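None of the figures in this text is laboratory data; all of them are computed from the coordinates on show. In this text, all values refer to a predicted model and were calculated from it rather than measured experimentally. Because the Cβ atoms are built from the backbone with ideal geometry, glycine has one as well, and the counts that use them run over all protein chains shown.
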Amino acid sequence: MTYAITLIPGDGIGPELAEATRGVLEGTGIGFEWDLQQAGEATIATEGTPLPERVIESIRRTGIALKGPITTPVGSGFRSVNVGLRQALDLYANVRPARSMVGVESRYTNVDLVIVRENTEDLYAGIEHRVGPDAAESIKIITRAASQRIARYAFEYSVRNGRSRVTAVHKANIMKLSDGLFLESCQQVAADYAGRIGFEDRIVDNMCMQLVQKPELYDVLVCPNLYGDIVSDLAAGLVGGLGVAPGANIGENAAVFEPVHGSAPKYAGQNKANPTALILSGALMLRHLGETDAAERVETAVREVIAEGITVTSDLGGTAGTREFAAAVAARIHGAS
Ligand code: NAD
């Protein structure tokens, strides 16, 4: 089986991370037909936009993109590539796993969370206005359709990936109508999975405290947009931060896999940056494609190379370059297959 994938290398460290990741994914033995699409700073100069329509058309055609980070241009006039992709492709679910790794410094050794964030509405719907010179209003939109859709995604992800429990995160004690509807929608969907996947809910402030104190007690969290944004960064912090945090944006007809970190321009072209987050985003892509065995081989290889601590990049205390780290991971995958 060969998969057609749109590959967007991105800006800054993006191209070298994309090259490294491509080598690792090809090391699984799975066939990829990469449709290379430039976007970001370079295309602003040549095509007048960081997100040319051909990029969106490519993702519509392949259904899947692997994307490096893109520098957000300073100043106005250009839409954000990430927001543009999310809107054009209705990427309604943002998925960010956070798992402790031996060899990555953090306060915990036993975190294994997946944050599933609703990506289209809530206070991020962008409906806000000034009320006179000294006041402003932002409107929080919560619908049953979007809440049920994200809850169902969280449960289905749990079924597919051997997860046992979904926790809905909300503030329904105060926002009884909006967050109340989100919670009610999650409860309705949870009923369809009774006996298979457990369900509980937590008020968001209590959730943050629990995550800091006992993160090992939680499994899959489903959140409205704003809480998901905050809680997923908190979770990334629990496992060692940006360099190792993968992510996915999922829609009905398309999905974009990308690291949480940005383009780190100061490391661009130096073979220094850590490709782990993009490689693990590639593993999420493999899971999405149903290639669970290959995904696990990639994840295991990354974890083993990092745990050994010999061929790791400088952010993890080593001296290896991006390419050397990726080659060590790819070699480990060959060994495991
Ligand atoms: P950044 O994530 O690029 O960098 C933050 C810090 O983390 C820096 O110290 C950087 O050196 C380090 N870092 C990040 N990724 C690393 C890696 N793979 N290996 C080693 N170290 C790494 O965040 P920033 O500096 O705030 O943003 C730079 C640019 O990236 C901005 O233009 C921003 O808008 C953009 N950005 C893009 C995305 C995206 O495309 N999804 C996400 C975040 C930021």
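A few points about this structure:
- Long-range amide H partners of residue 168 with built H, under 5 Å: 200, 201, 202, 222
- Computed log₁₀ I(q)/I(0) - Debye formula, equal Cα scatterers, no solvent, the range 86-165, q 0.11, 0.23, 0.24 Å⁻¹: -0.48, -1.07, -1.11
- Debye log10 I(q)/I(0) at q = 0.12, 0.18, 0.22 Å⁻¹ for the range 228-337, Cα point scatterers: -0.43, -0.96, -1.30
- Applying 1/(1 + (r/R0)^6) with R0 = 35 Å to the Cβ-Cβ distance of residue 42 and residue 210 gives a FRET efficiency near 0.20.
- Structural descriptor for the chain: relative contact order 24 percent, calculated from alpha carbon pairs under 8 angstrom and at least 6 residues apart.
- For the range 198-248, the convex hull drawn through the C-alpha positions has a volume of 92 cubic angstrom per residue.
- For 324, 216, 299, order by how many other beta-carbon atoms lie within 10 Å, fewest first: 216, 324, 299
- All Cα pairs of the range 135-178, percent lying beyond 13 Å: 67 percent
- Along its first, second and third principal axes, ordered by size, the range 1-45 spans 37, 18, 6 Å in Cα coordinates.
- The range 229-292 and the range 94-131 have their alpha-carbon centroids 12 Å apart.
- Entry note, the range 38-138: relative contact order of 18 percent, from Cα contacts under 8 Å with a spacing of 6+ residues.
- Rounded D (µm²/s) - the range 133-214, Kirkwood Rh over Cα pairs, Stokes-Einstein at 37 °C, 0.692 mPa s: 237 µm²/s
- Gaussian network model of the chain, springs between alpha carbon atoms under 10 Å - residue of 82, 94, 119 with greatest fluctuation: 82
- Pair-distance profile P(r), taking every C-alpha pair of the chain, with 10 angstrom steps and integer %: 6, 25, 34, 25, 9, 1, 0
- Between residue 87 and residue 1, the modelled labels are 3.5 nm apart [label points 7 Å from Cα along Cα→Cβ].
- Likely footprinting exposure, 155, 182, 325, fewest C-beta neighbours within 10 Å first: 155, 325, 182
- Rg/Rg_globular for the range 1-94, with Rg_globular taken as 2.2 N^0.38 Å and Rg from C-alpha atoms: 1.10
- In terms of other Cβ atoms within 10 Å, 101, 1, 207 run from fewest to most in the order 1, 101, 207.
- 14 Å cut-off, amide nitrogen to a point 7 angstrom out along residue 145 Cα→Cβ, residues in the range 233-274: 252
- Kirkwood-based shape ratio for the range 145-296, expressed as Rg/Rh from alpha carbons: 0.99
- Paramagnetic label reach from residue 173 (point 7 Å along Cα→Cβ; backbone nitrogen cut-off under 13 Å): within the range 204-231, residues 204-210.
- Rg followed by Dmax, in Å, when the range 39-193 is reduced to its Cα trace: 19.1, 54
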